[in-house]
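Asks: Here it is, the structure in full.
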Amino acid sequence: MGSRPPEEVRTARLWLRCWRAEDAPLFLRAVEQSLRHLRAWLPWADSEPSDPVEVAQRLAGFAAAFRAGENWHYGIFDPGGRQVLGGSGLHPRRGTGVLEIGYWIHAHHVRQGYATEAAQALARAAFDVHGIERVEIRCDARNAPSAGVPRRLGFPLVETIRADPEAPSTRPRDTLVFRLERGERERLSAPSARQSAHEGAKGAPRGADPR
């Protein structure tokens, strides 16, 4: 058991690793090709696409925060690292002993189970961190495909936050809160291919997405 999440995680089909400044062109391409898809649920996408220099600086900041143990943003890549399939993260914004998972998927690669696969890997990585007792996933109550990800992974729905005060004023929403306790981690069984085929992009509350 370690003191922080790993810099990279590999699954059967994905390579999740800490962002690097040199990933900016791949990141920008993925976001630009997914803008309509992302803007439906993620407020940060409203200001995209950003200047390439600004994106490189942002990703360098993610890497610095990652290595400082402050926040853990991951790029989701194909196994060879040639393409950005999305982004994810483990975020310590819900208090001591809690990490929250956020994720988004490239519009050309939704409904292939990638969000479920990434979230499963990061949930397991989170419980391998000393002192982490629970993992949360939050999403817009209207985003049924996103809510399907924690449900497939065995996360119980513990709360619905009506008129979530964390949501931007221009995007009022109810938020679903899914939470898995350390003692329930055995629920993180591999979802079936049939179940995983019905997911979409993650819609996260302010600060809970992986950007």
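The values are calculated or read from the model by the stated rules, or taken from the named source; none is laboratory data. All values derive from a computational prediction rather than experimental measurement. When we count neighbours, we look across all protein chains shown, and the Cβ atoms used for this are built from the backbone with ideal geometry, even at glycine.
Asks: Give the stretch 48-63 a look and list any residue that's of a type in the set (A, V, I, L, M, F, W, C), out of contact with any Phe, Trp or Tyr (no Cβ under 7 Å at 6 or more places or on another chain) and either surrounded by 14 or more Cβ atoms within 10 Å (Cβ to Cβ) or closer than 15 Å to Gly87 by Cα (or both), or say none. So that I can check it myself, show each step before the final result.
Replies: Our first condition is that a residue be of a type in the set (A, V, I, L, M, F, W, C); within the stretch 48-63, this holds for 53, 55-56, 59-60, 62-63.
Subsequent filtering for residues that are out of contact with any Phe, Trp or Tyr (no Cβ under 7 Å at 6 or more places or on another chain) retains 53, 56, 60.
Residues satisfying the conditions are Ala56, Ala60.
Asks: Test of understanding: among Thr170, Thr96, which residue is polar (S, T, N, Q) and over 23 Å from Ala68 (Cα atoms)? Outline the logic, then answer.
Replies: Numbers: Thr96 fails: over 23 Å from Ala68 (Cα atoms).
That would be Thr170, the only listed residue that is polar (S, T, N, Q) and over 23 Å from Ala68 (Cα atoms).
Asks: Considering only residues that are of a type outside the set (Asp, Glu) and touching a Pro at 6+ places or on another chain (Cβ under 9 Å), which ones fall in the stretch 21-50?
Replies: Ala24, Pro25, Leu28, Val31, Leu35, Pro43 - these are the residues of the stretch 21-50 that are of a type outside the set (Asp, Glu) and touching a Pro at 6+ places or on another chain (Cβ under 9 Å).
Asks: Something else: Applying the selection to the stretch 79-114, what residues are touching a strand residue (DSSP E or B) at 6+ places or on another chain (Cβ under 6 Å), closer than 10 Å to Ser34 by Cβ and of a type in the set (Gly, Ala, Ser)?
Replies: The one that is touching a strand residue (DSSP E or B) at 6+ places or on another chain (Cβ under 6 Å), closer than 10 Å to Ser34 by Cβ and of a type in the set (Gly, Ala, Ser): Gly86.
Asks: Let me ask another. Just for the stretch 89-139: of the residues that are within 14 Å of the chain's Cα centre (by Cα) and acidic (Asp, Glu), which one is farthest from Glu7 (Cα to Cα)?
Replies: Glu136
Asks: Under 7 Å by Cβ, and 6 or more places apart or on different chains, what pairs join a residue from the stretch 95-123 that is within 15 Å of Ala147 (Cβ to Cβ) with one that is β-branched (Val, Ile, Thr) and assigned to a helix (DSSP H, G or I)?
Replies: Filtered contacts from the stretch 95-123: Ala115/Val149; Thr116/Val149; Ala119/Val149.
Asks: Restricted to the stretch 39-64, and to residues that are among the aliphatic types (A, V, I, L, M) and at pLDDT 95 or above, which residue is farthest from Arg20 (Cα to Cα)? Spell out the reasoning first.
Replies: Residues of the stretch 39-64 that are among the aliphatic types (A, V, I, L, M), as a first pass: 40, 42, 45, 53, 55-56, 59-60, 63-64.
From what's left, at pLDDT 95 or above: 53, 55-56, 59-60, 63-64.
Working: Val53: 13, Val55: 10, Ala56: 8, Leu59: 6, Ala60: 6, Ala63: 6, Ala64: 9 Å.
Filtering first and then ranking leaves Val53.
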